[in-house]
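J.: The following block contains the structure, expressed as structure tokens.
The values are calculated or read from the model by the stated rules, or taken from the named source; none is laboratory data. What you see is a predicted model, and the numbers here were worked out from it, not measured in a lab. For neighbour counting, all protein chains shown are included, and Cβ atoms are generated from backbone atoms with ideal geometry for every residue, glycine included.
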Amino acid sequence: MRKRSITTATALAVFFSSAVLVAGATGTATADTDRAISLSEAWDTVVDSAHQRLFFSDRSGGKIVATDLDGQPVGTLTGLRYVQDLDLTPDGGTLYAAVAEDDKIVAIDPVTLKVTAEYPTGTGSSPSKVAYAGGKLWFSYGDQWDSGLGSIDVSAATPTVTLDLAGDHDFASPPMLYAVPGDPNTLLTLDAGISSGPIVVYDISTGTPSIKVSAEKGGFYNDAALTPDGKSVVVAGPGNRALTEYRLADLAEVRTYPVPDEPETVSIAPDGTVAATVMDTEDAGDTYVFSRGADQPASVRNLSHSWMPWFGHTMNWSPDGSRLFVLTGSTDATRFHAVDAPRKYAVTASAAAPAKATRGKSLTVTGTLKTTLPLPAGTPLTVTRTDLDSPDGKSLGTKSLGTGGKFSFTDTPPAGGKVTYKVTYAGDATYTAASASDTVEVSRSTPTLTLNKNGNVYSYGADVSFTAHLGTTYKNRTVEIWANPYGGDKPNKLIRTAKVNSSGNVSATVDMKRDTTVSAVFAGDARYAPKTVKVTAYARVKVSNSISKHYKTGKIGSHSYYWFHKKTSPVVTTTMSYYKGRKERLELEVYYNGKWYGSGAEYFKLGTDGKVAVGLGSPGEAGVKARVRTSYINNSSGDNVNSTTHSSWKYLYFSN
């Protein structure tokens, strides 16, 4: 949870998990990097400028993750239980890591990610912070009031570990350690585990630290960073809505950098620009860059919509100070961000148009451009309108920003439907670009659209022509005709797409093998709204039956009869257009005293070939007249895809 000195050879990388702002109704233009990174509890970060790498310690994950400067992984070193602080030697040759749970500090080759040396610090010592200064590796260790300061002479032929080097100061927790840029004989420590918050500056020129100056500044520091000239330190801590800069020579307060929430991390660029993150419990902005100094507003970005990490050092500048690296989130949601123009003031745009408007009448679009350093009135904004007549957008010229970052303009939309207004600020050397848009539903006239033959019933397989009529429209004269047969196995199908004729008509033929919903669809144009009309036409089944087992045919009165012996059972074979699960209804009537009387009806399931044969049984006496017919009854016959259909009656006579 510490930060090391910033030099052109060694710098820290910053990462925060967050969501990049996108333009919608509100928006901020951005080309920044935002990607997931495999860290569960990021604790410290180091930038290796010599090898163009970033190193992250993952305390709970027990590993160090290496990436390139865009956050793309290049390697991982595991097996480092409760690894915490990292530091890189000024020449970039060795990376040091404090491995608390294994009571040791390890040296790592930053190219191969192989451990090159291990330095045990004593059973139960739990080293946590490290800093390379004055040719030695300094580390803090222990827990609460049993904490201390130690060193390792890593340049010796036989490196030695020395403990209890805190001198006259009794640390309340393992102190945060910082090497001082340009002064290898000075070591800065922060006692962050006690409310008094002592800052202790040591002279380490002899190898045995002696206190140069110390002061209680109100502690529980979260992070700290040294200025590039090594003369001051800027600290971030809870309970103080500001970063505070202290002069190392006497620890006098120099200035404060105000922030609206608890500061969590701080980093200082080679040119002295201070950046910080805050917890951001209100989701109002989490990353602050004081590009114009402490007495001017900071540029604010909202990289995450969750609270920012409140542990570890997770932000730093790139070695050249052109980019800001930030980590956001935690566990499986940790994300890496690289802000490409961190010194620019981030601009957020919003635009609001009425939800509905009348075509040909004036409407007003309003909006704002928000930034912590207000844009001057008169700042030019470009406006485009996208509609059905101008699908690629039409420029409405340049509008001017008013006072207070507000803008307003009027327009008379010539086209109806969805009309989108986009307002764009191009940005400049001080401000980021930003754009916002909003959509208004502009009225359109309702066209006349009709379709004929609703409710008509047709024979199975009839080719039926349906005609749609379209009334007055603006430019579009095209109509689609769709046929949607009953039954879930057949899709709605486009039958025809065509322009209507001079009379406004267009026709399409439907093969009527099922009841069918026919639709005429007009897609609309810039002045007339879309419209769809539907009709339902009905199709009978194809049905026939045949009689067998008779010994002759002959007329009785006006009807032709099938003649059977009185002990013969007639067989009726039905053929009907097939549908899965379909049944025929077979109906029998008997003639008595001059009238036909129902003798029963029964349903029989069709075979897959659409046929079924049924034996009627024999009456056993002569002189009996009967008749049969086959029917498809909508719904009752097992489906509803056709309309009720009856075959003709077949007449039967039984003789001796």
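J.: I'd like to check something: does region 236-249 contain any residue that is surrounded by 14 or more Cβ atoms within 10 Å (Cβ to Cβ), in contact (Cβ under 8 Å) with a residue 12 or more places away in the chain and in contact with a Leu (Cβ under 6 Å, 6 or more places away or on another chain)?
T.: Yes: one or more hits.
J.: Also, quick follow-up: Do we have any residue at all in region 631-640 that's outside the structural domain of Thr497 (by TED's automatic domain parsing), charged (D, E, K, R) and under 30 Å from Ser655 (Cβ atoms)?
T.: No, every residue in region 631-640 fails to be outside the structural domain of Thr497 (by TED's automatic domain parsing), charged (D, E, K, R) and under 30 Å from Ser655 (Cβ atoms).
J.: Among strands (runs of 3 or more DSSP E) lying entirely in region 251-326, which contain 1 or more residues that are buried (at least 19 other Cβ atoms within 10 Å of the Cβ) and aliphatic (A, V, I, L, M)?
T.: 263-268, 274-278, 287-290, 299-301, 315-317
J.: Sticking with this one: Within region 393-429, track down each residue that is within 30 Å of Asn476 (Cα to Cα), charged (D, E, K, R) and touching a residue at least 12 places away in the same chain (Cβ under 8 Å).
T.: Asp411, Lys418, Lys422
J.: Another question about this same structure. Thr398: in contact with a Gly (Cβ under 9 Å, 6 or more places away or on another chain) and polar (S, T, N, Q), yes or no?
T.: Judged against the criteria, Thr398 is not a match.
J.: Just name the residue that is farthest from Thr382 (Cα to Cα) out of those in region 430-473 that are without any contact (Cβ under 8 Å) to a residue 60 or more places away in the chain and touching a strand residue (DSSP E or B) at 6+ places or on another chain (Cβ under 6 Å).
T.: Out of the qualifying residues, it is Asp463.
J.: Checking Tyr221 against (1) in a strand (DSSP E or B); (2) among the hydroxyl-bearing types (Ser, Thr, Tyr); (3) more than 22 Å from Pro184 (Cβ to Cβ), which single condition isn't satisfied?
T.: Condition not satisfied by Tyr221: (1).
J.: Among the residues of region 351-399, what is the count of those that are outside any strand (DSSP E or B) and closer than 28 Å to Val259 by Cα?
T.: So the answer is 8.
J.: Could you say which residue among Asp340, Asp271, Asp320, Asp283 is without any contact (Cβ under 8 Å) to a residue 24 or more places away in the chain and either acidic (Asp, Glu) or out of contact with any strand residue (DSSP E or B) (no Cβ under 9 Å at 6 or more places or on another chain) (or both)?
T.: Going through Asp340, Asp271, Asp320, Asp283 in turn, the sole match is Asp283.
J.: Would you call Ile547 over 25 Å from Ala415 (Cα atoms), touching a Phe, Trp or Tyr at 6+ places or on another chain (Cβ under 9 Å), assigned by TED's automatic domain parsing to the domain that holds Thr573 and β-branched (Val, Ile, Thr)?
T.: For Ile547, the condition - over 25 Å from Ala415 (Cα atoms), touching a Phe, Trp or Tyr at 6+ places or on another chain (Cβ under 9 Å), assigned by TED's automatic domain parsing to the domain that holds Thr573 and β-branched (Val, Ile, Thr) - is met.
J.: Determine whether region 61-75 contains at least one residue that is farther than 27 Å from Asp34 by Cα, modelled with pLDDT of 95 or more and exposed (fewer than 15 other Cβ atoms within 10 Å of the Cβ).
T.: Scanning region 61-75 turns up no residue that is farther than 27 Å from Asp34 by Cα, modelled with pLDDT of 95 or more and exposed (fewer than 15 other Cβ atoms within 10 Å of the Cβ).
J.: Might you check whether a residue that is among the aliphatic types (A, V, I, L, M), touching a Pro at 6+ places or on another chain (Cβ under 8 Å) and crowded, with 18+ Cβ neighbours inside 10 Å occurs anywhere in region 110-121?
T.: Within region 110-121, none of the residues are among the aliphatic types (A, V, I, L, M), touching a Pro at 6+ places or on another chain (Cβ under 8 Å) and crowded, with 18+ Cβ neighbours inside 10 Å.
J.: Still on this structure, I have one more. Output the number of the condition that Thr432 fails; it satisfies all remaining conditions of (1) under 28 Å from Lys394 (Cα atoms); (2) surrounded by fewer than 16 Cβ atoms within 10 Å (Cβ to Cβ); (3) hydroxyl-bearing (Ser, Thr, Tyr).
T.: (2)
J.: Would you be able to say whether some residue in region 85-93 is out of contact with any Ser or Thr (no Cβ under 7 Å at 6 or more places or on another chain), closer than 19 Å to Met176 by Cα and surrounded by 15 or more Cβ atoms within 10 Å (Cβ to Cβ)?
T.: Looking for residues that are out of contact with any Ser or Thr (no Cβ under 7 Å at 6 or more places or on another chain), closer than 19 Å to Met176 by Cα and surrounded by 15 or more Cβ atoms within 10 Å (Cβ to Cβ), one finds at least one in region 85-93, hence yes.
J.: Taking into account only those residues within region 215-226 that are surrounded by fewer than 21 Cβ atoms within 10 Å (Cβ to Cβ) and not acidic (Asp, Glu), which is modelled with the lowest pLDDT?
T.: The selected residue is Gly218.
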